[in-house]
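FYI, it's all coordinate maths here, none of it is from the lab. Note that the structure is predicted; figures quoted are calculated from it, not measured. Cβ sites come from the backbone with ideal geometry, for glycine too, and all protein chains shown count toward neighbours.
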Amino acid sequence: MNIGKKMSLSLLAILLLLPLLAAPGTNAVEAASASASAKNKTVIGVSVATLWKSPGIARKLDAPSLTAPADPAAWTAAMNTTEKRRWLTGKTETQALYGREVKIVQTKGSWSQVVVTDQSTFKSRYGYPGWLPTAQLKSVPATEWSRTSGKEAIVSAKTATLFKTDGKSKLLELSFGTRLPVTSENGEWVEVRTPQHGIARLSAADVKIATIGKTDTQPTGQQLVETGKMFLGLPYLWAGTSAYGFDCSGFTGAIYAYYGISLPRDASEQAVAGKAVTKADLQPGDLMFFAHNNGKGSVHHVAMYIGDGKMMHSPKAGKTVEIIPISTAGYANEFSGARRYLND
């Protein structure tokens, strides 16, 4: 084979590969993973990472969400008007909590496009895609970050302080639902492995311990409801999945995930998971869905039924997690169905 033919075939190979690098739903993730060391995993290295639709679109007030460490409390506090929060609509994609595994699709300058592997979506079979500052990622040895055996600590408080092993020096404030591998349990403390701080401590009062790979005892619907009530009054945050702010499906997904039940990330996809139930058969913990065109169009919202003709949800920018009657105008006419994810 002559050199000219070799060059032509090489160019053809590059041209065929380019579409894969642009679309996280294709083999781009596999290609990127193959070039990385199989000995390492990439995980979130900040308390809460916000994924954006594209790099460089954030405002000055979004700076606390882009740093390493990030400061989600300062960021959400800076968005002190409905307009500032509403601006995020369509610009942020989702969030990922400390220690969650991601796969890098591509990098552009100081940003990386990743997929969050534990957030299922029709957008990509590898996980939910979005962009974040590369500085918010950490590489960890796969053997230390295996989620196939051992125990993990799951933050059960709204937020929990991660301490150095002296139990006094603060490292990070972690969100509800954060999961970290347990290295030891010692009375009032649980020692955990972290992406960049080695072994650290969490108060045993702020976490529950679960065996990795073993399904939790199924919660009751009432347990789901009581867990959700922890966040009443929390301001809505587009793309939010943490105790610093939820969107509608981020709220329902986080509550179920705490009990080891994985739901699709978006409301439109949660609406086709589980099994359908009628409005007359609603039980606490069931999810209710709402759609445009008086319930006949595309699903745009999800809420949790809590019993007694009421639902709990994170409605929209300018509102907070609340409980309202299911007969509330604007919702009753848009009801499009309900789903159950617990076994009867």
Relative contact order, percent, the chain [alpha-carbon distance under 8 Å, six or more residues apart]: 14
Percent of all Cα-Cα pairs per 20 Å bin for the chain, counting from 0 up to the last occupied bin, reads 29, 56, 13, 1
Using all Cα-Cα distances in the stretch 151-211, what percent lands in each 5 angstrom bin from 0 up to the longest? 4, 22, 37, 28, 8, 0
Between S169 and I209, Cβ-based FRET efficiency (R0 35 Å, step 0.05) works out to 0.90
Near-label residues of the stretch 79-110 by backbone N, under 19 Å of a point 7 Å along Cα→Cβ of L61: 79-93
Roughly what would the spin-label model give for N343 and L232, points 7 Å off Cα along C-beta, in nm? 3.2
Cα-Cα over 18 Å: which of K91/K316; K60/K138; K103/K170; K123/K275; K91/K123; K214/K275? K60/K138; K103/K170; K123/K275; K214/K275
If each of Q223 and A280 carries a label point 7 Å out from its Cα toward its Cβ, how far apart are those two points in nm? 3.1
Under 15 Å from the A157 label point (7 Å along Cα→beta-carbon), backbone N, the stretch 224-252: 243-244
Mind listing P(r) for the stretch 221-340? All alpha-carbon pairs, 5 Å bins, whole percents. 2, 13, 24, 28, 22, 9, 1
